[in-house]
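Please read the structure below before turning to the comments.
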């Protein structure tokens, strides 16, 4: 299971302006942009003319001159497509920890702020909906439910531990010597199918690497992620590399 929401992009104007720097061809730029809720367009003097206010992305329009340039640079490879590193994507993703483990392969050009299992693992009761189980058999779901029951038992004892008498604290398990021992029961018992939410900052360069490496991956989450990449502005030309 993977859920992708709250997507926004930024950096289009400086990325295109920078792509034209090597040939001093700014006067050929023919794109419209929107930054911070305001629309702009390029003029022939390399200035940004204020046009109107709107929601970012609604009026993003890369002109044919700019699109041809960017696409040719993209097809030339990473060294020439430096502009892609300047087009930033922000997104909220909820996915199982086994997917996040693979996503963390892409460390360059990414920032991830995750919900913390270290600090907030006990914040709510565990349910089956907290896990990716769409491919599990009924018997396998029964097994993971047993794990969930054990997690919730540890959570319950963890929450009331400070208010218990010493004699009662031994009722859970004689091996439990402290509240942190109960925390460890949750941390080390938690399956990798547990869904975690994070806000991710990416750019078009790292998304191109992800797309071409993972689009046919055996994990459903990667294939769904790559389908989402295809929906980003000008992904066909700048990420996938399909421009005629």
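For region 103-124: of the residues being in a loop (DSSP other than H, G, I, E, B) and in contact (Cβ under 8 Å) with a residue 40 or more places away in the chain, which is surrounded by the most Cβ atoms within 10 Å (Cβ to Cβ)? Please lay out each step first, then the result.
Residues of region 103-124 in a loop (DSSP other than H, G, I, E, B): 104-110, 115-116, 121-124.
So of that shortlist, the ones also in contact (Cβ under 8 Å) with a residue 40 or more places away in the chain come out as 106, 108-110, 115, 121-122.
Numbers: 106: 17, 108: 9, 109: 16, 110: 17, 115: 14, 121: 19, 122: 17.
Looking at residues that are in a loop (DSSP other than H, G, I, E, B) and in contact (Cβ under 8 Å) with a residue 40 or more places away in the chain, I get 121.
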The residue from 182, 207 that alone is part of a helix (DSSP H, G or I), out of contact with any strand residue (DSSP E or B) (no Cβ under 6 Å at 6 or more places or on another chain), in contact (Cβ under 8 Å) with a residue 24 or more places away in the chain and under 27 Å from residue 127 (Cα atoms) is 182
Listed by first then second residue, the pairs whose first member lies in region 135-150 and is modelled with pLDDT under 95, whose partner is part of a loop (DSSP other than H, G, I, E, B), with beta carbons under 9 Å and at least 6 positions apart or on separate chains, are none
Kindly check whether there is at least one residue in region 165-180 that is at pLDDT 90 or above and closer than 30 Å to residue 235 by Cβ. no
The correct count of residues that are part of a helix (DSSP H, G or I) and touching a helix residue (DSSP H, G or I) at 6+ places or on another chain (Cβ under 7 Å) in region 125-140 is 1
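The values are calculated or read from the model by the stated rules, or taken from the named source; none is laboratory data. The model shown is predicted, which means the values in this text are computed figures rather than measured ones. Cβ: placed from backbone, ideal geometry, glycine included. Neighbour counts: every protein chain shown.
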